[in-house]
1. If you roll a 1.4 Å probe over the heavy atoms of the protein chains, what accessible area per residue do you get for segment 1-94, in Å²?
2. Given the C-alpha atoms of segment 308-400, compute the convex hull and give its volume per residue in Å³.
3. Rounded, prolate or oblate for segment 410-466? Axes are the square roots of the Cα gyration tensor eigenvalues, ordered a ≥ b ≥ c, and the cut-off for rounded is a/c under 1.5.
4. How large is ³J(HN,Hα) for each residue in segment 406-413, as worked out from phi by the Karplus curve 6.51 cos²θ - 1.76 cosθ + 1.60 (θ = phi - 60°), to whole Hz, x for Gly and Pro?
5. Using the Kirkwood radius built from alpha carbon pairs, what does the Stokes-Einstein equation give as D for segment 135-272 at 20 °C and 1.002 mPa s, in µm² per second?
6. Could you please put Thr338, Thr575 in sequence from largest to smallest accessible area, using a 1.4 Å probe?
7. If the reach is capped at under 20 angstrom between alpha carbons, list the lysines near Lys141, excluding any in the same chain fewer than eight residues apart.
8. Using alpha carbons only, how many angstrom separate the centre of segment 430-490 from the centre of segment 217-274?
Amino acid sequence: MSNKEVKAALKSARDAIRNKEYKEALKHCKAVLKQEKNNYNAWVFIGLAAAELEQPDQAKGAYKKAIELEPNQLLAWQGLANLYEKPNQIDVKGDLADVYQKLLELYESGDKQKWCDVCNKLVELYHQEKKYLEVAETWQKLIKMKQEEGAEKAELHQLWKKMIHLLKDSTRNQDNKTGQLLLAAFEHALLSADTVPGDDHQNLYKDFIQCLSKFPHEAARLEKACHDMVALYPTVSYPLEVLCLHFVQSGTLSEEALDCFSRLLEMDADSGTGIICFGIKCLKENKYKEAVKNLTEGLQKTNQCPAAWHYLAEAQMKIHDHRNAVLSCNKALEVLGTPEGPNLRWKNLALQLKAETLIKIADADAAEEAIKALELIVDGSNDPVVSALRGQAYLNKGLVDQASKISQELLLSHPDLAEAHALEGFIHYSQKNYELAEKSFLNAIERKAGTAEYHQYLGLTYWFMSDETKKDKGKALSQFLKAAKLDSYLGSAFCYLGNYYRDIAGDKSRARGCYKKAFELDEMDEESGTAAVNLSVELGDMDTALSILNEVTEKARPGTAKWAWLHRGLYYLRTGQPSQAVSDLQAALRADPKDSNCWESLGEAYLNRGSYSTALKSFRKASELNPGLVYSIYRAAALEQILGKYENAIATYQQILKKTENYVPALKGSMSEFENVCFSSLYTLMFQS
């Protein structure tokens with residue numbers, strides 16, 4: 001076949017393809033290849049025809065042969081790109097990207113429009129594969145090409161915005177190079193905006209700041225962007241909110257941070273972030289209740305700030321609201337998820353604070369949970385304070401040997417650590433080795449004198465050591481006073497001050513004030529509440545006693561606060577208000593249905609009210625629970641007599657008379673008088689019957 005015949009065959013092949021006669025085209029191409037096996041156009045035409053005949057392998061082989069023959073010719077590369085772009089082609093995206101790269105190289109010095117088209121296709125391909133760095137670098141080439149061609153500012157602005165859109169999900173990968181390209185795209189888009197200030201520009205700035213906040217190492221850049229946006233948009237609160245949250249998360253409470261907090265609240269008094277920041281400011285100023293109030297309110301509006309949850313837990317810990325502090329720590333950990341970088345610090349802080357709080361709850365279950373929290377602290381085994389906490393948790397769990405081992409190791413490795421000496425003191429105190437406990441707590445106080453708990457435990461040590469140390473003003477009393485001064489929310493210190501003034505000093509008024517303070521700090525402290533009420537009664541101050549009881553019963557849930565219901569019920573009983581007494585004593589029994597004395601008091605209240613049948617049931621219940629309550633048995637007999645149940649009454653009186661020899665004189669005078677009453681009642685009944 002001559003050259004002329006080869007050209008004719010190729011022309012026929014081209015015409016056949018144009019007419020969609022692909023098999024005919026293949027015949028012409030094969031004829032050419034018999035004569036010229038390296039004919040570029042023939043291989044390209046075979047690729048085209050085979051592709052249309054859905055013979056992809058043959059098509060790919062033909063295109064690759066053509067490329068091998070002429071690597072810088074467009075036709076085969078274009079054909080291969082078209083082949084790979086077909087929907088039935090799978091697992092070819094990597095090959096297609098290589099083809100696009102070659103086409104960009106071939107178009108670069110020629111057809112700019114086709115270069116841009118291929119560039120768009122390549123970027124879209126990379127984006128589908130989530131290859132964000134390749135997306136960024138390729139799109140930058142497109143922008144550079146447009147800049148060299150003298151594109152308008154508006155067109156470039158749209159290209160930078162498109163780059164931002166393409167990379168918006170890349171922040172999840174935290175790839176630094178891609179991140180820098182994304183941030184640069186934001187900066188270029190902001191600079192190329194037409195209307196400044198304007199709505200589009202403002203929204204773009206917000207997106208830029210939001211993006212910056214996802215890069216912990218870009219703190220300086222974030223602060224600058226926030227300040228710049230505030231300067232441009234002084235009435236918009238968003239940049240101040242982000243800046244304030246940034247300061248909160250970084251743990252920075254500088255003058256600049258405090259100024260931002262104030263400016264944000266002035267601009268928007270309802271800002272959740274602003275309220276959180278004010279709460280943190282209160283915490284640092286030792287205004288703990290105010291801190292809890294504001295942090296709680298702020299977190300209801302902005303609840304995804306782990307540092308804020310930590311600060312709330314810290315404030316709750318300061319006022320000894322331990323159970324809620326644990327919940328706040330859990331919330332901080334939930335929001336943090338699986339943190340890295342700076343957030344890992346917050347996770348460790350939240351875990352440690354959670355453990356400290358659980359140890360204060362001081363039961364075995366809480367101790368076990370504390371141990372689990374401490375185990376999750378990264379590198380916690382190398383932190384002596386964490387080790388001391390672990391020792392306290394073991395002690396609360398009753399594992400004294402493990403706690404002692406940690407204590408001994410810490411005292412050897414960290415002899416100047418206050419927590420190590422305190423742990424030793426806690427162990428000695430739990431074993432009632434008060435002389436050794438005294439020495440340990442004094443050592444702890446010498447190293448950290450501002451810890452109220454150490455003074456409180458030293459005071460308790462003196463209280464239980466001996467009558468001499470209990471009564472010595474320079475011992476127990478002095479330490480309780482120091483503990484209360486250092487921690488004005490430490491209810492137990494005020495409770496023991498009350499014990500001292502009541503039992504040692506004999507100062508009922510001062511004791512009552514201390515108990516009242518202790519109870520105000522901890523409404524679950526029944527000992528202090530009861531003591532405050534009893535002393536108020538002894539001092540003739542029934543108004544204060546009732547005020548305390550009313551406050552408790554108003555807040556009490558069903559089945560709780562038995563002591564308050566009982567005290568108020570007895571008060572109503574003594575003052576001739578039987579209906580109110582019945583109501584309160586019933587509430588007390590809901591909290592403790594097996595209290596025989598309470599049943600007896602309820603019977604008395606029903607009796608005074610004239611409800612004889614119900615009174616009888618109550619006295620019977622009291623005697624069932626405690627057969628030794630002779631008064632309840634007698635009252636039951638008397639009520640049976642009143643109700644005309646004479647046989648039952650006789651039997652009950654006889655039962656009492658048989659037992660009276662074994663009982664201490666009862667409530668109704670001496671036992672002989674009591675017996676006389678029973679004999680008299682029995683005689684009357686027998687006469688009636």
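The values are calculated or read from the model by the stated rules, or taken from the named source; none is laboratory data. Quantities reported herein were computed from a predicted structural model and do not represent experimental measurements. These area figures cover heavy atoms from the full protein model, side chains too; ligands, DNA and RNA do not enter into them. Shrake-Rupley method; radii C 1.70, N 1.55, O 1.52, S 1.80 Å.
1. Counting only protein heavy atoms, the per-residue value for segment 1-94 is 60 Å².
2. 84 Å³
3. It is oblate, given that a/c is not under 1.5 and a/b is not larger than b/c.
4. Calculated HN-Hα couplings, in order: 4, 4, 4, 5, 5, 5, 6, 8 Hz.
5. Result for D is 133 µm²/s.
6. Thr338, Thr575
7. Lys102, Lys112, Lys114, Lys121, Lys130, Lys131, Lys153, Lys161, Lys162, Lys168, Lys177
8. Result: 45 Å between the Cα centres.
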